[in-house]
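Here the structure comes first, spelled out in structure tokens, and everything after it is commentary.
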Amino acid sequence: MNQRDTLYINQSGRLIIGGCDAGDLAREFSTPLYVMDEAYIENAAAEMKRALNEVYPDSLIAYASKAFACKAMYGLVSRLGLGADVASGGELYTALSAGFNPKMLYFHGNNKTAPELDEAVKAEIHAVVIDSLDEITALNAAAAAANKKQGVLIRVNPLIEADTHRFIQTACVDSKFGFSIENGAGEAAVKKILAQKNLQFLGIHCHIGSQIFDIEFFTRAVDKMTDFIAALTKSLGVSVRELNMGGGFGVAYTASDTPPAAQEFIRAIAQKLKDCIAQKKIAPPRLIVEPGRSLAAQAGVTLYTVGAVKDIPNVKKYVAVDGGMFENPRYALYNARYEVALALKAHLPAADTVCIAGKCCESGDIIVGETALQKAEKGDLLAVFCTGAYNYSMASNYNRNPIPPVVLCKNGSARYMVKPQTYPDIIARDCDYAPSDKEPLS
Ligand code: LLP
């Protein structure tokens, strides 16, 4: 856990998040509970904006909202002056419902449906990031039907095999995302877009993967993307007004992770772009970056109540909590690691080695595989850190567990970002069993 002004353990060993005592939060809002530190998001956004503007003023930070999407988050991000990337009709709908400016939205996805394309066109969002030749035809038709001209970028694959979990690498040769630059598919896609009446070609996008620690992968990507800009300008005489470099800046989940700060990734990308523009003599495009995890992950803490401690002598000690893979599936998916502490006894030595298990009905339902922890007993409050990204957004109702609420804390005040889901919410769309009317008469 990275101690900071808005997230720390006080002298009595109690965890304080955004000025709120973890024990008070658990009492008021119950557990499991996602807690977000508003000041962290504000500071992270400010640092990233400063770094980007210092080096490359014609630029935008577009928050990758898949990391954590809800109306209040879009509201906060919009107040901070960021754009956003949405990756589904649901994210688009949520952003628009929160009053997000559609002119600050980018729509991603390798298979956007026809209704999603219609919704994007109708909302007059800034750009759809096209990911297939089929989508060019479909989007042009949607724009023509609405009598509009839709701005587009194309997603290209710059072939950068970033060093990260293979599920979140996105620029390998066999990636489902983007058009290959190397085999000419990218150029063919731009040509096809230029031939459409209702599309306006704005630029190119790449996203090389997520939870990447080495800045060099990004600077290599800038090199390849600017080579592509130069090639497009030469072969098609097209102007590439926007270069969107995606997100993927790694964060520290545990003390053994030591990535550069997000602003360092951003500074390096912006500087490399400046250098490439001068070197390759291309017209300077607008630069967009799309951080998701690096804005949200460290802002989040999940609070749980310990329900059972089970020691299998000489084998393993389980500390079972009232959450699980339904609200944090990242161990099951990526073997993710987190730091933990007993939120009201964090001054005690972390002398035990335990496995934090959830309450779902399968053995893979683990939150943390192996971790040091203060001696835990039933009723203790457990905090898992760095859970602000890809936890709530990937939650499910597995085992019909309700998705926990999210509260936003600042200066000692806590308010809901998302209210608790109830059992009636869970069955709201369930239908009662009705025998088929094609049932043979007996
Ligand atoms: N832009 C695009 C087009 C993306 O697909 C993504 C993430 C981002 C930006 C933001 O990447 P970030 O800055 O958050 O790394 N569920 C996985 C992460 C999947 C990321 C998907 N795309 C996890 O829990 O680690």
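For segment 122-151 versus segment 77-118, the spacing of their alpha-carbon centroids is 14 Å. Check ALA336: other-chain or 5+ apart residues with amide H under 5 Å from its amide H, H built from backbone geometry? Long-range HN contacts for ALA336: TYR331. At the residue level, TYR106 shows approximately 0 square angstrom of accessible surface with a 1.4 angstrom probe and all protein chains present.
Listed by chain and number, the aspartates and glutamates placed with their C-alpha closer than 12 angstrom to that of LYS316 are ASP352, GLU370; residues fewer than eight positions away on the same chain are left out. What separates the Cα centres of segment 36-75 and segment 1-27 is a distance of 24 Å.
Helical runs (DSSP H, four residues minimum) scored at -39500 (n - 2.57) apiece and divided by the length of the chain put the mean residue ellipticity at 222 nm at -9000 deg cm²/dmol. Over 26 Å apart at the Cα level, from the set LYS66/LYS274; LYS122/LYS274; LYS112/LYS149; LYS71/LYS359; LYS197/LYS280, are LYS66/LYS274; LYS122/LYS274; LYS71/LYS359; LYS197/LYS280. Element breakdown for the chain at a 1.4 angstrom probe: carbon and sulfur atoms account for 51% of the accessible area. Divide the volume of the convex hull around the Cα atoms of segment 1-113 by the residue count and you get 148 Å³ per residue.
Normalised by 2.2 N^0.38 Å, with N the number of residues, the alpha-carbon radius of gyration of the chain equals 1.06. Averaged per residue, segment 198-259 has 33 square angstrom of accessible surface, using a 1.4 angstrom probe with ligands and nucleic acids left out.
Segment 214-229 and segment 319-396 have Cα centres separated by 37 Å.
Please report the equivalent ellipsoid semi-axes of segment 175-248, computed as sqrt(5 x eigenvalue) of the Cα gyration tensor, largest first, in whole Å.
Each semi-axis is √(5λ); the values are 24, 13, 11 Å.
Suppose the chain between VAL309 and ARG337 were pulled fully straight at 0.36 nm per residue; how much longer would it get relative to their current alpha carbon spacing?
Computed gain between VAL309 and ARG337 is 8.1 nm.
Please compute the length gained on full extension between LYS419 and ASP437, using 0.36 nm multiplied by the number of residues separating them and subtracting their Cα-Cα distance. Net length gain for the segment: 2.5 nm. Once the Cα atoms are used to define both axes, helix 38-55 deviates from the longest principal axis of the chain by about 30 degrees. Within straight-line reach of LYS281, meaning a Cα separation under 27 Å, sit the following lysines at least 8 residues removed in sequence or on another chain: LYS49, LYS191, LYS192, LYS224, LYS234, LYS272. Seen against the Cα atoms of the chain and their longest principal axis, helix 262-280 is set at about 10 degrees.
The values are calculated or read from the model by the stated rules, or taken from the named source; none is laboratory data. Given the structure is predicted, the values throughout are model-derived calculations rather than measurements. Just the protein is used for accessible areas: all its heavy atoms, side chains included, with ligands, DNA and RNA removed. Shrake-Rupley method; radii C 1.70, N 1.55, O 1.52, S 1.80 Å.
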